[in-house]
There are 2 protein chains.
Amino acid sequence: MSWLILAPISGVISIAVAAYLYYWVVYRNTANDRMREIGGAIQEGSNAYLKRLYQALALVVAIVGIILILLFGYKTAIAYVIGSAFSALAGFTGMQVALRANSRTAWAAQAGLNKAFSVAFFGGSVIGLSMVGVALLGVSILYYIFRDPSIVLGFSFGASSLALLAKAGGGIYTKTADIGADLVGKVEMSIPEDDPRNPAVVADNVGDNVGDVAGMGADLFDSYVASMVAAMILGAASRKTDLVVLPMVLSAAGILSSVLGMFLVRPKENEDPGDALNRGTVFTAIIFTILNFAVMRLLNMNIGLFWATFAGMAAGVLIGFTTDYFTSTDRQAVQRTAEVSKTGSAITVLSGFSYGLLSIVPSIIGICIATLAAWYISAQFGVSGVYGVSLAAVGMLAISGMVVSSDAYGPIVDNAKGIAEQSGMEKAIVEVADKLDAAGNTAKAITKGFAIGAAALTVLALFAAYAGTAGVEVLDLLRPTVIIGIFLGAMMPPIFSALTILSVSKNAFVMVNEVRRQFREIPGLMEGLARPDYYRCVDIAAKGALKELVVPGFLAMASPIAVGFVLGKAALGGFLGGSIFTGIIFALFMANAGGLWDNAKKLIESGAYGGEGSEAHKAAVVGDTVGDPFKDTAGPSINTLITVMSLIATVFAPIIGAGLFAAL
Amino acid sequence: MSWLILAPISGVISIAVAAYLYYWVVYRNTANDRMREIGGAIQEGSNAYLKRLYQALALVVAIVGIILILLFGYKTAIAYVIGSAFSALAGFTGMQVALRANSRTAWAAQAGLNKAFSVAFFGGSVIGLSMVGVALLGVSILYYIFRDPSIVLGFSFGASSLALLAKAGGGIYTKTADIGADLVGKVEMSIPEDDPRNPAVVADNVGDNVGDVAGMGADLFDSYVASMVAAMILGAASRKTDLVVLPMVLSAAGILSSVLGMFLVRPKENEDPGDALNRGTVFTAIIFTILNFAVMRLLNMNIGLFWATFAGMAAGVLIGFTTDYFTSTDRQAVQRTAEVSKTGSAITVLSGFSYGLLSIVPSIIGICIATLAAWYISAQFGVSGVYGVSLAAVGMLAISGMVVSSDAYGPIVDNAKGIAEQSGMEKAIVEVADKLDAAGNTAKAITKGFAIGAAALTVLALFAAYAGTAGVEVLDLLRPTVIIGIFLGAMMPPIFSALTILSVSKNAFVMVNEVRRQFREIPGLMEGLARPDYYRCVDIAAKGALKELVVPGFLAMASPIAVGFVLGKAALGGFLGGSIFTGIIFALFMANAGGLWDNAKKLIESGAYGGEGSEAHKAAVVGDTVGDPFKDTAGPSINTLITVMSLIATVFAPIIGAGLFAAL
């Protein structure tokens, strides 16, 4: 128990380092007037979006908070409110730094690759470190006060509520703006990408930050906290306080590893900066493994738990390295899809769809191996197997600080590149920005694998935590209520995907009309004499995205409760199981198919199979447009969907009975 | 037991009626020379395909047969061989009559709608009745001889092996030919659809018969037998011979109902013939309900079993009427998809994809209600709930004779319409053929719902039969091996879909080149002076389809066995469960999305949103091309995939142990 103090200390250290880096980044030189203007508009637009998001969140938190007070008392409700507020705070901080780091990176590019890399990477680090710091601080302090993992569960549920809004809402927002900007600006008016005359250009740039930075940060905050809570609940079930404290101590060790690992990230002469980022991740993993071993020894833990934690992390790295296979331009899937684009867009879609389905295989096998290994090793050493799996998830997510840092680096350099181009910087400097941007994609392949593997193990652990909390000792797949629960749960990810994709097309329709209207009604716009009404576009995208969220959001929150009360707690267990199985399949499929189509288009644009403007290119553009909401809207929301459903089920578990068909 | 005699008697009656109708159809007048020529070419091509299919089947049967002899003795092996042979025989007969009925229907259209309708419908009836007759005869005679449902299981496995080849192979074949004919003939050479100058035209027409008649017949034969066997195995588990005999007696009653119902199908003056078909199905269902009640009374059965059987059938009808919702041109999904086609093909694809995902909801809820109702009612009356579910499946499939008859009517009138057009018949007659064709689509909506509901209940019953045979009393979703089994099983339908779709695009590529070659190298072809080499195209499509089947076929057969031996019988149970959950989702999604895109295109062609030749139409054509292998290749094969995997697992269950991770 006394070791627990490490958790808030690491949390504070993490936040302190983040604050230091924040000021370091903010005090970098900040670019010319043109940059300032572009950056300012994006900043203003992002904050307008965040304001709407937090208003929606406040409404949800108020309603759910009242329900929680009525049903479970004020403690869970307080934890819930704090969870959503902390997650929002981390997201807000992340956005502020990302919005400032991009133009500073572009400016620093004048001083060379390494300087610019540092600005971008430390910008990303602020996001990573503030996220894990705030999360661990929240979890450990709540546990200090209440000494009850089921109260901490409320914190996790709060973080998850925000994540659902941020992820799905951000996904709808970003694609609405993207389609609006492209369809009218690029296609109809024939003005270049990112042209300031395009009324939707700010909304589009805001979208990158909203989806990639705020959304992704909220998502990992969510998994990070959920994995800890699941392990704490499972630990509490065995009545050993040590096992409850351990996940927090491991996370503390993970934060220290991340801080150390971060300062080792520095590209060597002529090195691809992407390799430097990946080296940082690998170093962090190694340091964490050493600390993991030390923690187990110092706390006198069963060594099986060390191996379980290690197995999870190793599997995460493996999944990371194989995820790349189906989306890399060097591999068959992308190349074949690009090649068949010569026969038209239908075949492009079919090819990407099929390879996308096949792409789930390596990751799912990786998840299966991690689960089996963690369980089996724990059991061999006489520890609870399911606790071992939950520790594997904690182990994977412990180094989130580093993973999020390299991930957040991506949108910062992407934006930096855009700013460098728009503000008319020299060609050599744009090339530096280009190199930095390419590195973001290299790093993304591995961090994406980590995120998927970790989310899968987390929801499996939560699934076990639900069963434990509900008192379901055996969840028999041969009972009809369980079978029906699985069917209903398995439908949720497809339904949620469909609703969010339809939202994009509905919302984009409104956006397209607004952009057309501005071009038509604002005199001098096309000549560059008048400024378009950027904020109206931002507002349309934001309002629409949050409005469209009502149905899928309500479905996500209400359906587990409905299934639980009508069909009983066993059926709800099946429901969670079903949502996990199809959820992971759909999340992988959509993310990879989207990435694959994107890269097939890029491959053709690099000159293959006819190059830009060819028939193959047109077909590939169709594939890419189909893939966009797959990879940026529906796919990434599914993780959050299944986490939030598992958390709600676990929160409500104590008051859910056997249902109306108890006889079965 | 003595009631069992009803089964072979009904089987013989069914075959006798089928034989009578066969000769009735064949002795109708058979058209002009032009028709004869076209019909002859299609016939020749179809038989060439069937020959290849049966060669492949013989190879599979020989290999599997030897394995079965070595592991389980000659009885199961004999049943297996007979099962595949009987199913092949029924399929072959069906094809022969379908190939003859089409030109005769076209010819009869000269004597009016009713005459032509009779020819087409009785043609379809031969398929329906010969199928159920042969199946019930096989099952009941094998049971008479061996008195052991586990031997009859071999028969079912044999039928399923053929169905897998026929369904997936036929699906790949038909789309290969279709794309080859359209892409070169229609698009590149600008000759009309079904033009005899097109070298792939015969292959394309053959494809309709191969996919819709032979494939669909084999599929329902498969489900029909599997549902009976599952109920027999579950009945045997309760050690009551009555419960083993009951499914066969119910099927016998179903055959009699179908024969009676069939002779009630006759369109009234000015009535849509589709309504006549549906009336036939409803009448058959009513007659069967009466006979069902009589059987339960005469055999002194628990009345709960009557209600379980009835619940299944009622749910089937309900599912049938709701399936239509997402694919009907009168409804929002199709209309919205057609409308958004104005913004380009990517949005068409996204819209159809999303509505396709939503379309799974009513059917899955219907399946859940049927399962819960059948189980709950049986349990209320003190009978085994799972046996009740298996009877619900038997009840639904009992009227397969009628359902297949109205379904097989579809491709016959479709072909008749093509023949009427190609052979230059009068406009009024083509219009009659057109009306008949539209009726096929009306009927299809309901029969499709039946087929999906029945297949779902059948695999659920088989799943229980597997658990019973393997001695798995509790299949605990909280055990890691079960979780991993589910993950692996859940991957199978997506993998299978991806492989078959990729096969189509690979095979179509070869076909396109061959068609181009013939246009280039055969002098006088475009002028109509030389005949193209139809059979080479048929052969390419057939050879390619069967070659492409090797990998997915092997995967379907080998993976359950591998999972069983490595991870144990509980994991294999999970594997089957997982494949059922995602299998039903993918089957519904693909079938409905494909139908939806098809109808969106037709809606535009009827003049909406710009009509034929507009930008919206081009986008809708892309949607339709994407949907084609969804609804005709991958979607329909998934039913068979999950059935065949369940059967293999049940056959091998007795020799599968606890696996390598027994400790978990």
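So here's what we get for this one:
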quantity: Computed Rg/Rh of the range A:529-664, alpha carbon atoms with Kirkwood Rh; calculated: 1.18
quantity: Spread of Cα-to-Cα distances over 10 Å intervals beginning at zero, given as percent, for the range B:109-181; calculated: 16, 26, 28, 22, 8, 1
quantity: Kirkwood hydrodynamic radius of the range B:353-451, Cα pairs, Å; calculated: 16.4 Å
quantity: For the range B:432-497, size of Cβ-based charge dipole, Lys and Arg +1, Asp and Glu -1, in debye; calculated: 120 debye
quantity: Estimated 222 nm signal from helices in chain B, with DSSP H stretches of n ≥ 4 weighted -39500 (n - 2.57), rounded to 500; calculated: -28000 deg cm²/dmol
quantity: Using a 7 Å Cα-to-Cβ projection, residue A:26 label spacings across copies, nm, ascending; calculated: 9.0
quantity: Equivalent ellipsoid semi-axes, the range A:290-363, via Cα gyration tensor eigenvalues times 5, rooted, Å; calculated: 44, 10, 6
quantity: Cα principal axis extents for the range B:566-615, largest first, Å; calculated: 58, 13, 9
quantity: Evaluated over the range A:432-484, the Cα radius of gyration and Dmax, each in Å; calculated: 19.8, 61
quantity: Across the identical copies, how the residue B:69 labels are spaced - nm, sorted shortest first, 7 Å along Cα→Cβ; calculated: 7.9
quantity: Extreme residue, positive dipole direction of the protein assembly as shown, given options B:54, A:117, A:574 (C-beta unit charges); calculated: A:574
quantity: Between helix A:534-548 and chain A: long-axis angle, C-alpha atoms, 0 to 90°, nearest 10; calculated: 30 degrees
quantity: Principal-axis tilt of helix A:303-323 within chain A, Cα atoms, nearest 10 degrees; calculated: 20 degrees
quantity: GluC sites (Glu not before Pro) restricted to DSSP loop in the range A:482-567 with at most 16 other C-beta within 10 Å; calculated: A:527
quantity: Within the accessible area of chain B (1.4 Å probe), percent carbon and sulfur; calculated: 62 percent
quantity: Whole-Å distance, taken between Cα centres, linking the range B:75-109 and the range A:499-534; calculated: 60 Å
quantity: Residues along the range B:491-521 losing 10 Å² or more of accessible surface when the other protein chains are present rather than the chain by itself (probe 1.4 Å); calculated: B:491, B:494, B:495, B:498, B:499, B:501, B:502, B:505, B:506, B:509
quantity: Charge dipole magnitude, Cβ of K and R +1, D and E -1 - the range B:551-664, Cα centre, debye nearest 20; calculated: 460 debye
quantity: The range B:231-299 - Debye-derived log10 I(q)/I(0), Cα point model, q = 0.11, 0.26, 0.28 Å⁻¹; calculated: -0.37, -1.02, -1.10
quantity: Pairwise FRET efficiency - residue B:240 versus residue B:290, Cβ, R0 = 25 Å, nearest 0.05; calculated: 0.50
quantity: Those residues of the range B:461-489 for which accessible area with every protein chain present is at least 30 Å² below the isolated value (1.4 Å probe); calculated: B:463, B:474, B:475, B:476, B:477, B:478, B:480, B:483, B:484, B:486, B:487
quantity: Solvent-accessible ranking of A:51, A:167, largest area first, probe 1.4 Å; calculated: A:51, A:167
quantity: Efficiency of FRET between residue A:26 and residue B:615 - r from beta-carbon atoms, R0 41 angstrom, step 0.05; calculated: 0.25
quantity: Reach of residue B:435 by Cα under 14 Å, taken over aspartates and glutamates that are not fewer than 8 positions away in the same chain; calculated: B:269, B:271, B:272, B:275, B:414, B:421
quantity: Cα pair distances in the protein assembly as shown, grouped into 10 Å bins until the bin that holds the longest one, percent each; calculated: 2, 9, 18, 21, 19, 15, 10, 5, 1, 0
quantity: Inter-copy separations for residue A:58, label at 7 Å along Cα-Cβ, nm, ascending; calculated: 7.9
quantity: Electrostatic dipole magnitude of chain A [Cβ: Lys, Arg +1; Asp, Glu -1; Cα centre; debye, to 20]; calculated: 1280 debye
quantity: Computed over the range B:451-581, the ratio Rg/Rh where both radii use C-alpha atoms and Rh is Kirkwood; calculated: 1.25
quantity: Chain pair B, A: total accessible area buried, heavy atoms, 1.4 Å probe, Å²; calculated: 6400 Å²
quantity: Volume per residue of the C-alpha convex hull in chain A, rounded to whole Å³; calculated: 135 Å³
quantity: Kirkwood-type radius of the range B:171-259, with distances r between different C-alpha atoms, in Å; calculated: 16.2 Å
quantity: Loop trypsin sites (Lys or Arg not before Pro), the range B:247-316 (other Cβ atoms within 10 Å of the site Cβ: 16 or fewer; DSSP); calculated: B:268
quantity: Dimensionless Rg over Rh [the range B:577-655; C-alpha; Kirkwood]; calculated: 1.26
quantity: Restraint check, B:268/B:417; A:167/B:342; B:186/B:618, Cα-Cα greater than 24 Å; calculated: A:167/B:342
quantity: Per residue accessible area in Å² of chain A, where ligands, DNA and RNA are left out and the probe is 1.4 Å; calculated: 32 Å²
quantity: Spatial separation of Cα centroids for the range B:627-664 and the range B:192-256, in angstrom; calculated: 18 Å
quantity: Charge sum, other residues only, whose C-beta stays under 15 Å from residue B:455's C-beta, Lys/Arg counted +1 and Asp/Glu -1; calculated: -1
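The values are calculated or read from the model by the stated rules, or taken from the named source; none is laboratory data. What you see is a predicted model; the values in this text were computed from it and never measured. Note that each Cβ is placed from the backbone with ideal geometry, even for glycine, and that neighbours are counted across all protein chains shown. When the accessible area is computed, the model is the full protein with side chains, heavy atoms only, and any ligands, DNA or RNA have been set aside. Shrake-Rupley method; radii C 1.70, N 1.55, O 1.52, S 1.80 Å.
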